[in-house]
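**Student:** One structure, as structure tokens, below. Some questions next.
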Amino acid sequence: MGISSMKTFILCLLIVGMVALNEGVEAGGTSINPGVLDPCLKPGGPHPGCSGPRGSNGEPIGKYLADPIEPWLDGTLSGNGFLYDPKWGGLVTQQGSTDRGADFGFGVYNDHHYHLGYFVYGISVLAKIDRAWGSKYKPQAYSLAADFINIGNRSNSNYLRLRCFDLYKLHSWAGGLTEFGDGRDQESTSEAVNAYYSAALMGLAYENFWFF
């Protein structure tokens, strides 16, 4: 599964993840029970066939989301995976390390906050609903976030400070080591917002607001 497929998969779970991370939803001062959105969360459980939040195929969300993410974090994904690049202080993909056009130019640091934001979001959901899983993959989770949101924390000294965010312009750039005809490029502000939002969710999920 390439980065593009991972993005599509996790995007489809964003709404489900929001329910998992925000169990109490209020509208106009009236609490909306999560059971309205997921029958397995109705009061009076456990309900037959329910074992936590569930995906579209009936599996618990934890397993449904963890199955495609874990190979990336374990380094067991066939044909691809994350590698640390000491030259530029960041993560690249196995395919991107040998082909600058692979994974949308991930190997030359294009669109890092876009793509990693999806991973960070999915990991944050899993860490929230399964603390044991979150603890197991905490180092990998922090590394993915540090690649694009590191602000100089000594524990993240292996990663470049604020790789994508421009403190002068006060927005991110998508371009990495490549040169674009119209500048460094920031064509998807929604994905940039998602990246930083996901990093904030990771802080909430791990109850650590200074991890970056």
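**Student:** Return the whole-Å distance between the Cα centroid of the range 57-92 and the Cα centroid of the range 95-169.
**Tutor:** The range 57-92 and the range 95-169 have Cα centres separated by 11 Å.
**Student:** A further question follows. Just the projected area, averaged over all directions, of the convex hull on the alpha carbon atoms of the range 92-212: how many nm²?
**Tutor:** So the mean shadow area of the Cα hull is 7.6 nm².
**Student:** Please state the Cα pair-distance histogram of the range 160-212 with 10 angstrom bins from zero: what percent is in each bin?
**Tutor:** 21, 46, 26, 7, 0
**Student:** A follow-up question, please. Assuming a ≥ b ≥ c are the square roots of the Cα gyration tensor eigenvalues, decide whether the range 68-163 counts as rounded (a/c under 1.5), prolate (otherwise, with a/b larger than b/c) or oblate.
**Tutor:** On the way: a/c = 1.85, a/b = 1.23, b/c = 1.51.
It comes out oblate by the Cα gyration axes.
**Student:** What FRET efficiency would be calculated for the residue pair Arg131, Thr178, taking the C-beta separation as r and a Förster radius of 35 Å, to the nearest 0.05?
**Tutor:** That gives a FRET efficiency of 0.30.
**Student:** What nm distance separates the two modelled labels at Phe209 and Asp99, each placed 7 Å from Cα along Cα→Cβ?
**Tutor:** Those two pseudo-labels are separated by 4.4 nm.
**Student:** Each label point is 7 Å from the Cα along the Cα-to-Cβ direction; what then is the distance between the points at Asp185 and Arg161, in nm?
**Tutor:** Those two pseudo-labels are separated by 2.7 nm.
We did not get these values from a lab; they are worked out from the coordinates using the rules stated. What you see is a predicted model, and the numbers here were worked out from it, not measured in a lab. Every residue, glycine among them, receives a Cβ derived from its backbone with ideal geometry; neighbour counts consider all protein chains shown.
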